[in-house]
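Accompanying notes for the structure given below.
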Amino acid sequence: MSVDRTRQASFALALVLSVGILFAPASAVPSAPAGTDLVVHVVLFAALAYTGLLAGLSRPLTVIALLVYAAASELIQSMPVLNRAASPVDWLADAVGIGVGVGLSLALRRRARWWALPH
């Protein structure tokens with residue numbers, strides 16, 4: 001698989017994982033220590049932002065699209081069928097994750113590795 005295909009596949013995988021994690025019904029969400037949910041949100045959205053940029057999406061498009069996706073995911077989680085709750089704190093954790101992913105992409109931009117953004 002070429003580097004470009006690998007980059008696109010990594011973003012697609014992160015997106016599929018996010019759908020599974022964010023939209024699973026409450027009965028499928030394992031119990032975890034307090035604060036774990038926020039860590040999951042930060043890591044998930046950092047992965048989405050980083051792999052989105054790696055796949056070639058523009059930085060402004062990536063940030064805006066992921067902020068909208070984060071907000072939409074919170075609204076969808078409030079639907080009775082999922083039996084979950086919307087949380088502005090989760091959305092803020094998502095926003096922090098997006099910042100982390102963008103920051104990583106900038107920090108690794110000049111690295112000569114397949115996971116770094118091209119020059």
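Nothing in this text is a laboratory measurement; each read-out follows from the coordinates by a stated rule. These numbers were taken from a predicted model, which means no experiment stands behind them. All Cβ positions, even for glycine, are placed from backbone atoms using ideal geometry, and neighbour counts span all protein chains on display.
Structure notes:
- Residues in the range 59-90 that are among the charged types (D, E, K, R) and without any contact (Cβ under 8 Å) to a residue 40 or more places away in the chain: 1 in all.
- Sole exception among (1) surrounded by fewer than 19 Cβ atoms within 10 Å (Cβ to Cβ); (2) among the hydroxyl-bearing types (Ser, Thr, Tyr); (3) within 12 Å of the chain's Cα centre (by Cα) for Tyr50, by number: (1)
- Flag if Val102 is in contact (Cβ under 8 Å) with a residue 40 or more places away in the chain and part of a loop (DSSP other than H, G, I, E, B): no
- Every residue from the range 1-35 that is touching a residue at least 24 places away in the same chain (Cβ under 8 Å), under 23 Å from Ser78 (Cα atoms) and either part of a helix (DSSP H, G or I) or not aliphatic (A, V, I, L, M) (or both): Ala14, Leu15, Leu17, Ser18, Leu22, Phe23, Pro25, Ala26, Ser27
- Hey, Leu38 in contact (Cβ under 8 Å) with a residue 24 or more places away in the chain and within 16 Å of the chain's Cα centre (by Cα) or not: yes
- Residue within the range 53-63 that is assigned to a helix (DSSP H, G or I), polar (S, T, N, Q) and in contact with a Gly (Cβ under 7 Å, 6 or more places away or on another chain) present: yes
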